[in-house]
Amino acid sequence: MKEEKLTWKDVVRNALLELGGQGHLSEINKIVKGHPKTKTNPTWQDTIRRVVRQYKIFEPVLPEKSGIYKVVEEISLKPESQGFTKEPEVDHGIAQGMLVTLGKIYGYETYAPPHDQTIRTFQDKPLRDFVTVSNCTSIFKGPNLAKIREVDTLWFDEDDYGLFPVYAFEVEETTRVKSGLDRLLKIPRRFPAQFFIIGPSAKEKDLFNQYVSQTPFREFRDRFIFRLYKELEELYNSALVHNERREQFGIIGKGG
């Protein structure tokens, strides 16, 4: 891969591997200095500091605030076909698992709330095994951070300065549709993200249509999309088949 095509995640990972798997921020900076990506980012050192805190593959070395980070290889997972169970709590985790898996297939970095990563499972594994972004704090600085961090699933892309949200998903039962819309609207307007509510039935869809016709959502109606569980299930399972056939053909996707 050409140097300028590497992501900041790739650049920092390569620098740490060159350092033997772990190193101080100052050592990472010395290696990265002069990289083509630094030419389009005058605050690249700040970007590196954010990167090691955001991605799950980078972990701080004790003591806390030592400034030393190590590379932790991502767990290799092979997701399988999946359906919903009609058990709300179980299905919530299934929906999030499908969404983060789809995000990876499509080449995005993925996030789920820390609490959900721990308590929710997908195909007998904790949700944390499927996400790639552990911390989104530096992306969403501001008074709405606490609510944004609880959005069920986020997909991120990267520009010269780092990660930014492209898609945001809330998985909601009837009583929570409005809460999900409220959380999505907390994502700053400077990010042109598409917002999704994922629900199990027409009841949630009817509520969604009702709410997006009202203030404050009406102004942003074109940013909201509702999808049923069955539509998510169809997309997920067809994407798995396509991804497997693509790999068998010999084409490597953006997600690696």
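Bear in mind these aren't lab numbers, they're just calculated from the coordinates by the rules spelled out. Everything numeric here is computed off the predicted structure, so don't read it as measured data. Don't worry about glycine lacking a Cβ; one is built from the backbone with ideal geometry, like all the others, and counts go over all protein chains shown.
Can you work out the base-10 log of I(q)/I(0) for the chain at q = 0.07, 0.12 1/Å, using the Debye formula on its C-alpha atoms alone?
After summing over all Cα pairs, the log10 values are -0.26, -0.76.
Can you run phi through the Karplus equation (6.51, -1.76, 1.60; θ = phi - 60°) for region 199-205 and list ³J(HN,Hα) in whole Hz, with x for Gly and Pro?
Calculated HN-Hα couplings, in order: x, x, 8, 5, 4, 5, 5 Hz.
Give me the extension gain from Asn135 to Gln194: residue separation times 0.36 nm, minus the current Cα-Cα distance, reported in nm with one decimal.
Details: separation 59, 0.36 × 59 = 21.24 nm, distance 2.04 nm.
Working it through step by step, the gained length comes to 19.2 nm.
Taking trypsin sites (Lys or Arg not before Pro) that fall in a DSSP loop and have at most 12 other Cβ atoms within 10 Å as cut points, what is the longest piece of the chain between them? Don't jump to the answer; show the numbers that get you there.
Numbers: sites that count: Lys2, Lys33, Lys65, Lys86, Lys141, Arg189, Arg190, Lys254.
Counting only loop sites that pass the neighbour cut-off, the longest clear stretch is 191-253.
About the Cα centre, and with charges only on the beta carbon of Lys, Arg (+1) and Asp, Glu (-1), how big is the dipole of region 104-256? Nearest 20 debye, please. The partial results should precede the final answer.
Details: 23 positive and 23 negative charges, 82 e Å.
Roughly 400 debye, rounded to the nearest 20.
In debye, nearest 20: dipole of the chain around its Cα centre with unit charges on the Cβ of K, R (+) and D, E (-)?
Values: 39 positive and 37 negative charges, 165 e Å.
Dipole magnitude for the chain comes out near 800 debye.
Give me the log10 of I(q) over I(0) for region 3-71 at q = 0.14, 0.15, 0.21, 0.28 Å⁻¹, as the Debye formula computes it from C-alpha points; what are the numbers?
-0.35, -0.41, -0.81, -1.43
Under the √(5λ) rule applied to the eigenvalues of the Cα gyration tensor, what semi-axes describe the equivalent ellipsoid of region 56-202? Give them in Å, descending.
Details: eigenvalues 123, 82, 39 Å².
Taking √(5λ) for each eigenvalue gives 25, 20, 14 Å, largest first.
Which Cα, out of Val71, Phe208, Val52, lies furthest along the positive dipole direction of the chain (beta carbon charges, K/R +1, D/E -1)?
Checked the options; the winner is Val52.
Can you compute the modelled spin-label distance between Asp46 and Lys65, with each label point 7 Å from Cα toward Cβ, in nm?
Output for this residue pair reads 2.0 nm.
If the chain between Glu80 and Lys203 were fully stretched, how many nm would it gain, using 0.36 nm times the residue separation less the Cα-Cα distance? Walk me through the numbers before you get to the answer.
On the way: separation 123, 0.36 × 123 = 44.28 nm, distance 2.90 nm.
Taking 0.36 nm per residue and subtracting the Cα distance, the gain is 41.4 nm.
Which value in deg cm²/dmol, rounded to the nearest 500, describes the helix-derived mean residue ellipticity at 222 nm for the chain, given -39,500 (n - 2.57) per DSSP H run of n ≥ 4 and division by the residue count?
On the way: 9 runs with 98 residues, N = 256.
Value at 222 nm, helices only, nearest 500: -11500 deg cm²/dmol.
Calculate, for Glu247 and Ile119, the FRET efficiency according to 1/(1 + (r/R0)^6) with r their C-beta to C-beta distance and R0 35 Å; round to the nearest 0.05. Show your work: numbers first, answer last.
Values: r = 32 Å, r/R0 = 0.91.
According to the calculation, E is roughly 0.65.
Would you check region 3-71 for Lys pairs whose C-alpha atoms are within less than 24 Å, ignoring same-chain pairs closer than 8 in sequence, and give me the count?
24
Counting only DSSP beta bridges with both residues in the chain, tell me the antiparallel percent, nearest 5. Intermediate values should be presented prior to the final figure.
On the way: 19 of 29 bridges.
Roughly 65 percent of the beta bridges in the chain run antiparallel, per DSSP.
In whole Å, what is the distance between the alpha-carbon centres of region 109-155 and region 188-256?
17
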